[in-house]
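Before any comments, here is the structure.
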Amino acid sequence: MAELKHHDEPTHHEHHIVSPGVYLAICATLLVLTATTTAVSYVDLGEYNTVVALAIACTKMTLVVLFFMHIKYSSKLTKLTVAAGFFTFIVLIMMTMTDYISRAWGRW
Amino acid sequence: MDSHTLAAQTADTGHVEDEHAPFLRHHFESVPQQREAATFGMWLFLTTEIMFFGGLFCSYLIFRNWYYPAFVAGSHTLHIWAGTLNTTVLIVSSFTMAMAVHAAETRVRRALMGWMIATLILGCGFLCVKAYEWHDEWVDHHVPGLNFGPESFLHGTKAYPDDKLPLDVAEKTQLYFSLYFLMTGMHALHMIIGVSLLTILLIQVRGGKYVNGHVAPIENFGLYWHFVDIVWIFLFPLLYLISRHQ
Amino acid sequence: MSTILSLPDQSTASLPKVSYLNKEYGLKSWLLTQDHKRIAILYLIAITFFFFVGGAMAALIRLELLTPQTDLLAADTYNKVFSAHGIIMVFFFLVPVAPAVLGNFLIPLMIGARDVAFPKINLLSWYLFVSGGCIELTMMVFGGVDTGWTFTTPLSTHYLNTNVVAAAMGIFVAGFSSILTGLNFLVTIHRMRAPGMTWFRLPLFIWSYYATSFIFVLATPVIAIALVLVVLERIIGIGVFDPAKGGDPLLFQHLFWFYSHPAVYVMILPGMGVISEVVACFCRKRVFGYTAVAFSSVAIGVFSFFVWAHHMFIMGISSYSALVFSLMTMLVAVPSAIKIFNWSATMYKGSITFDTPMLYTLGFIGLFTIGGLTGVFLASMGMDIHLTETYFVVAHFHFVMVGGMVTAFMAGLHFWWPKITGRMYPESMGRIAAVILFTGFNLTFFPQFILGYLGMPRRYAAYPPEFQVLNVFSSAGATVLAVGYLLPLLYLTWSLKYGKIAGANPWQAAGLEWEIQSPPLTENFPVTPIVTHEAYDYEWLASKKGSEVPTVG
């Protein structure tokens, strides 16, 4: 029945059970990244401090989303939902910043 | 005609056992359909959460750019050890929660309960550390609106003797602390909701639920918990780290 | 295998013995129901109540504006009345009306599902809606709020001592109701479709509701956080919106309109879905350019997130940024126009019958076109500086919201009334009401375009005497409009008991919801339907009868 139900996305993909080893590895990586980002924050990289910190945070998020939250093994629909959430978040930031960045242009 | 036959075949070969699962609600055709609906619903809820926190992140970005020195000085007053400790606690709790979902999927009740209790303890631990930090900020008069004074930013601190801000700049640290309390407060509120839900689930697991293949509630709670973890993964660098070197 | 086996003879139609309406009795069976159809009825009752409360406020406003002086209401009372009108009509009528009533009732029926994906959450969202409404009404009894429905900072945070906190919390609670409804619909549309119901066999109604739902889910949380910030600003003074503490009042407007502009499309998109269904049925034709109409709904939904700052052109935002927002706003006209053109093309050479839903639909197309085109005026920055905060804006959004959405909702309510209740309303009364509504509406709001162009600002209890003639026109029109809304309330209620029995498919319409009995069974479909054709197969329907299918009425 379910086969017929959804022509656009595969429904019957086996529900993937991630092995504890993977979880452990991800957890270890996340902890290493936490230590790294804390350590790097004391090094003066100028404006790159922010870049590095956020890059590490994004990496950590990606790991959590992909493995802990099983997105790597999820249907396209779920992947798309996550993408839509982040996309709208970016729209909020970007379109608001168009105002804040250029508000003073020509008024100095 | 073809469709009927196909449907019948799927039912025969597929989820005969599941068709009669006690937790299958009447309006779903099959257990996988029910489970996918629940997961998809949870993810949609998490997108609303992204947008909810999104408003705060957006405000943070704007005001950090406007009042950069005040935000740097404000950031310097936080305990980096507390932030790092809490990040570690949350990451480990995410791991234990992932293991709990795994235990539910493999239908091992003792393991499930064990991992859930571990998650619960770690969650409470996080809140305790957070409460300690907030208490410190209250003592230092850093709570905007209720108990705020810019005095501590006028003369520099032991760790950061350069943080001598003029009064008008020092007053802007209030915005830093507003956003700090809003973001960590909203996050802690989510943690409190999470801990409460976890307690309820734990009682239900003790009564024998969720180890018969009905994983969706545990799995969805896991998603929620990981999401709260992700929010902290961003709060930690933004509030504690990125101004640390100055 | 065909889905429409026989078309029932209307003259001998009888009410089915068992339906969702009489399966269970008693107040408890309604208040604790998880049936999407009963929840839709609960919403209909609650929303009708709010509509008439908001309508009463509108009546007060128009009465006050009959004369240039502030004689009926004092200026601050007037402010509270128009704020109450705006808050109730926007958050407790326009946003939930079409999704929660028609969507709840029809989405599962149209896609061949037994219920929405999360029936308990569906009921919860009704309770949240009602709680939010109760907070709002209590707030009004205890003095009201005079910020306008927009809660603009710093007015709402620093300069008023009215019940802003309570008003904001009421909307916050009702917002969760919207989020949960949208979430429920998205999961239902994605996961509960009957076998064979592919995306491009879906009725266009579903496409519109899909776009509506993702706006609900993605935009509503932002107003939630914005209102939380306003509340905290008022209670403890966190300073985010307080210029004295370095905050930015405009930030509130960014966050507010990030929701509230998409919310405008939440108000109109479901109406467009209704119109697509009605046009196809009463022209006996497939909707022209199905794919274009479907994707234009999604496009409106996506564009809606890029246009919000056109509400802020004169508020001191960057003019460069305004340029971007202005351009994006004009782009919205493209998918909207695609819809209008496609409906017109559907009517071209169709066998049109002018039954009540079709009359409302024709009204919608005219009024929405005017409302939409004046929106393009307001999107162009130069015009906007002249027209913003005048009655031109008031007329513009009433043309879109009331002329568009409410008319479309009336079309939908009349179209599906026989499905909801199993009975027909008196057709002649329906037609009269539709014409009265159209006339009254134009008489009320068209003068406001002129008033606005001449420079009469909105939100004032008094105005210069030279504007009186047009204001009298507008107030007179409002009484006609009120008749246009009260009439359906009366005859629809009357028809519950005395209306003719409708039978399963009184309009001879195509679509899954018309293949089951009216009113439907609690489980909707005794056997899961298998869909083999798309929703608008009127050619097929006609050939089945051997001649053009007549309509009833």
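The values are calculated or read from the model by the stated rules, or taken from the named source; none is laboratory data. Note that the structure is a prediction, hence the values are computed from the model and not measured. Methodologically, a virtual Cβ is constructed for each residue, glycine included, from the backbone with ideal geometry; neighbour enumeration extends over all protein chains shown. Heavy atoms of the whole protein, side chains included, go into the accessibility calculation; ligands, DNA and RNA do not. Shrake-Rupley method; radii C 1.70, N 1.55, O 1.52, S 1.80 Å.
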Subject >> Residue in segment C:61-81 that is crowded, with 23+ Cβ neighbours inside 10 Å, in contact (Cβ under 8 Å) with a residue 24 or more places away in the chain and among the aromatic types (F, W, Y) present >> reply: no
Subject >> Verdict on C:I450 being in contact with a Lys or Arg (Cβ under 8 Å, 6 or more places away or on another chain) and farther than 16 Å from C:L490 by Cβ >> reply: no
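Does B:T77 meet the test of being of a type outside the set (G, A, S) and touching a strand residue (DSSP E or B) at 6+ places or on another chain (Cβ under 8 Å)?
Yes.
Filter segment C:359-391 for residues that are of a type in the set (D, E, K, R) and either part of a helix (DSSP H, G or I) or closer than 26 Å to C:T439 by Cβ (or both) and give the result.
The answer is C:D384, and nothing else.
For (1) open to solvent by less than 70 Å² (accessible area, probe 1.4 Å); (2) touching a residue at least 24 places away in the same chain (Cβ under 8 Å); (3) assigned to a helix (DSSP H, G or I), each residue gets a yes or a no:
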position	(1), (2), (3)
A:Y23	yes, yes, yes
A:T38	yes, no, yes
A:G46	yes, no, no
A:I93	yes, no, yes
Original post:
Out of (1) among the hydrophobic types (A, V, I, L, M, F, W, C); (2) farther than 21 Å from C:A84 by Cβ; (3) touching an Asp or Glu at 6+ places or on another chain (Cβ under 7 Å), what's the single condition that is false for C:I235?
Top reply: (3)
**OP:** Please verify whether segment C:238-251 includes one or more residues that are part of a helix (DSSP H, G or I), touching a Leu at 6+ places or on another chain (Cβ under 9 Å) and more than 9 Å from every other protein chain (Cβ to nearest Cβ).
**Re:** yes
**OP:** Name every residue in segment A:96-108 that is at the interface with chain B (Cβ under 10 Å from one of its Cβ atoms) and either open to solvent by less than 10 Å² (accessible area, probe 1.4 Å) or not aromatic (F, W, Y) (or both), in order of residue number.
**Re:** A:T96, A:M97, A:D99, A:I101
Original post:
Can you name every residue in segment C:118-166 that is open to solvent by less than 10 Å² (accessible area, probe 1.4 Å) and either touching a Lys or Arg at 6+ places or on another chain (Cβ under 6 Å) or part of a helix (DSSP H, G or I) (or both)?
Top reply: C:P119, C:N122, C:S125, C:F129, C:G132, C:G133, C:E136, C:M139, C:G144, C:S156, C:V164
Original post:
What's the number of the condition B:M183 fails, among (1) part of a helix (DSSP H, G or I); (2) of a type in the set (A, V, I, L, M, F, W, C); (3) open to solvent by 30 Å² or more (accessible area, probe 1.4 Å)?
Top reply: (3)
Original post:
B:T199 versus (1) open to solvent by 10 Å² or more (accessible area, probe 1.4 Å); (2) touching a Phe, Trp or Tyr at 6+ places or on another chain (Cβ under 6 Å): which is the lone unmet condition?
Top reply: (2)
Original post:
In segment B:135-158, how many residues are open to solvent by 30 Å² or more (accessible area, probe 1.4 Å) and in contact (Cβ under 8 Å) with a residue 24 or more places away in the chain?
Top reply: 6
Subject >> Lone unmet requirement of (1) farther than 22 Å from B:Q246 by Cα; (2) within 11 Å of chain A (Cβ to nearest Cβ) for B:L24 >> reply: (2)
Original post:
Considering segment C:434-451 alone, what residues qualify as being more than 18 Å from C:M57 (Cβ to Cβ) and either out of contact with any Leu (no Cβ under 6 Å at 6 or more places or on another chain) or open to solvent by 50 Å² or more (accessible area, probe 1.4 Å) (or both)?
Top reply: C:V435, C:I436, C:L437, C:F438, C:T439, C:N442, C:L443, C:F446, C:F449, C:I450
Subject >> Enumeration of residues in segment B:53-102 that are aromatic (F, W, Y) and within 14 Å of chain C (Cβ to nearest Cβ) >> reply: B:F53, B:F57, B:Y60, B:F63, B:W66, B:Y67, B:Y68, B:F71
Original post:
Failed condition for B:A100, given (1) farther than 23 Å from A:T37 by Cα; (2) of a type outside the set (S, T, Y); (3) open to solvent by 50 Å² or more (accessible area, probe 1.4 Å); (4) at pLDDT 90 or above, with all others met?
Top reply: (3)
**OP:** Specify the residue that is most open to solvent (accessible area, probe 1.4 Å); the eligible residues are those in segment A:71-85 that are more than 7 Å from chain B (Cβ to nearest Cβ) and in a helix (DSSP H, G or I).
**Re:** A:K76
Original post:
Can you name every residue in segment B:26-68 that is among the β-branched types (V, I, T) and either open to solvent by 10 Å² or more (accessible area, probe 1.4 Å) or closer than 22 Å to A:I71 by Cα (or both)?
Top reply: B:V31, B:T39, B:T47, B:T48, B:I50
**OP:** Can you confirm whether segment C:192-204 contains a residue that is buried (at least 24 other Cβ atoms within 10 Å of the Cβ) and β-branched (V, I, T)?
**Re:** no
**OP:** Quick one: count up the residues across segment C:422-441 that are among the charged types (D, E, K, R) and assigned to a helix (DSSP H, G or I).
**Re:** 2
Original post:
Restricting attention to segment B:190-197, does a residue exist that is in a helix (DSSP H, G or I), polar (S, T, N, Q) and under 15 Å from B:W115 (Cβ atoms)?
Top reply: no
**OP:** Determine whether segment C:346-358 contains at least one residue that is in a helix (DSSP H, G or I) and out of contact with any helix residue (DSSP H, G or I) (no Cβ under 7 Å at 6 or more places or on another chain).
**Re:** no
